[in-house]
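Structure first, commentary second.
The values are calculated or read from the model by the stated rules, or taken from the named source; none is laboratory data. Small disclaimer: the values here were computed from a predicted structure and weren't measured. Cβ placement follows ideal geometry from the backbone for every residue including glycine, while neighbour counts extend to all protein chains displayed.
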């Protein structure tokens with residue numbers, strides 16, 4: 001792409017150094033198309049985008065381009081459940097089976113709601129072999145998980161619930177409200193906040209969806225013996241997901257609330273801003289500060305069984321830690337998606353920022369773009 005890159009949008013002077021880092025990512029060929037946005041006290045202080053929305057670089061990334069952000073979707077899904085907690089319709093310490101009776105199988109009668117949110121439920125993957133197409137069958141996925149035995153004692157350890165997180169929490173929302181997770185999010189969050197984020201959508205939006213560019217897989221320095229029965233393999237290879245699947249109408253129409261949310265930095269940060277501001281934004285109250293503070297209480301802090309990395313988990317979010325110094329403030333939380341998307345929320349600074357892109361990067365040491373953006377953002381504090 002070279003040096004011919006035009007950065008579009010708005011950026012306050014204080015955040016110009018962050019904008020420069022964003023531009024440098026294009027100059028270094030780390031990005032093809034991307035967006036970056038930040039808010040303070042609910043107000044946009046940066047909303048920029050650049051590049052191309054397709055791999056062939058024939059279509060510009062526009063202001064309204066949206067893209068699949070994979071696990072950044074989990075922030076939206078967790079928010080929906082926390083809203084129901086805030087309304088008294090879900091009790092974090094009640095058994096999941098109270099709301100979803102079929103879940104009381106295989107020793108899960110007492111497994112509590114908070115374990116689903118904190119990735120400690122022991123259900124990070126499917127026991128039965130499934131295909132990508134199975135993910136489009138909501139009832140099938142929910143019934144498989146309801147019948148499944150936990151892989152470890154729930155509540156004792158975290159193991160990232162990569163794809164199952166969405167079905168577990170989405171079914172909980174469906175049982176309590178009668179609405180699918182995507183519908184609840186659209187009606188209760190996206191429309192009130194005017195946030196252009198979608199968990200399942202019709203073909204009317206297809207023309208503005210950015211094309212994900214698959215990552216180049218890192219090559220280990222030495223031969224690696226992979227145990228097919230290990231938790232990471234069981235989680236991430238059943239099914240094996242590819243970025244090309246996101247080009248299909250089936251993927252886009254489905255509700256996969258752990259992985260197939262579509263938005264851009266502006267829409268992600270719009271929702272994140274409500275959380276960073278204590279649950280209310282522009283007169284729209286999603287939940288109370290008290291519930292957010294519950295959500296950022298530490299639930300586990302250890303080497304995650306699926307990701308093999310030390311992670312400090314709250315309820316639905318990763319929390320600030322020495323391994324992930326996302327903020328100098330203690331009440332900061334975050335999550336990101338496969339390939340590089342990211343969102344950080346900081347209650348103490350009332351700050352949020354988000355990054356969404358189409359060129360995916362796989363790195364064993366963290367995404368180089370978001371790490372550089374985070375470093376630049378920290379200098380604005």
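What the table shows:
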item	result
Members of segment 351-381 that are free of Cβ contacts under 8 Å to residues at least 40 places away in the same chain, surrounded by 15 or more Cβ atoms within 10 Å (Cβ to Cβ) and more than 16 Å from the chain's Cα centre (by Cα)	none
Residues of segment 176-216 classified as assigned to a helix (DSSP H, G or I) and more than 22 Å from residue 60 (Cα to Cα), total	15
Within segment 240-334, strands (runs of 3 or more DSSP E) holding 1 or more residues that are surrounded by fewer than 20 Cβ atoms within 10 Å (Cβ to Cβ)	300-303, 310-313
Members of segment 342-372 that are assigned to a helix (DSSP H, G or I) and touching a strand residue (DSSP E or B) at 6+ places or on another chain (Cβ under 6 Å)	370
Counted residues, segment 88-109 - those being touching a residue at least 40 places away in the same chain (Cβ under 8 Å) and on the phi < 0 side of the Ramachandran plot	10
Residues satisfying the stated conditions in segment 8-47, i.e. assigned to a loop (DSSP other than H, G, I, E, B), more than 24 Å from residue 345 (Cα to Cα) and over 23 Å from the mean Cα position of the chain (by Cα)	28, 29
Unmet requirement for residue 70, which otherwise passes all of (1) surrounded by 16 or more Cβ atoms within 10 Å (Cβ to Cβ); (2) within 17 Å of residue 314 (Cα to Cα)	(2)
Filtered residue count, segment 24-47, keeping only those that are within 19 Å of residue 340 (Cα to Cα), without any contact (Cβ under 8 Å) to a residue 60 or more places away in the chain and either touching a strand residue (DSSP E or B) at 6+ places or on another chain (Cβ under 7 Å) or buried (at least 18 other Cβ atoms within 10 Å of the Cβ) (or both)	1
Within segment 307-323, tally of residues that are over 16 Å from the mean Cα position of the chain (by Cα) and either touching a residue at least 40 places away in the same chain (Cβ under 8 Å) or within 20 Å of residue 77 (Cβ to Cβ) (or both)	1
Residues of segment 142-167 classified as over 21 Å from residue 229 (Cα atoms), part of a helix (DSSP H, G or I) and free of Cβ contacts under 8 Å to residues at least 60 places away in the same chain, total	3
Near pairs, Cβ below 9 angstrom, 6+ apart or cross-chain, from segment 179-208 (at positive phi and modelled with pLDDT of 95 or more) to any residue that is crowded, with 18+ Cβ neighbours inside 10 Å and in a loop (DSSP other than H, G, I, E, B)	200/180; 200/254; 200/255; 200/256; 200/257
Which numbered condition residue 216 misses (of (1) surrounded by 20 or more Cβ atoms within 10 Å (Cβ to Cβ); (2) at pLDDT below 95)	(1)
Residue check for residue 133: in a helix (DSSP H, G or I) and in contact with a helix residue (DSSP H, G or I) (Cβ under 9 Å, 6 or more places away or on another chain)	yes
Residue 114, sole failed condition from (1) in a helix (DSSP H, G or I); (2) farther than 21 Å from residue 198 by Cα; (3) in contact with a helix residue (DSSP H, G or I) (Cβ under 8 Å, 6 or more places away or on another chain)	(3)
Subset tally (residues that are surrounded by 14 or more Cβ atoms within 10 Å (Cβ to Cβ) and within 30 Å of residue 280 (Cα to Cα)) for segment 1-16	5
Qualifying residue in segment 138-155 (condition: closer than 25 Å to residue 338 by Cβ and under 18 Å from the mean Cα position of the chain (by Cα))	no
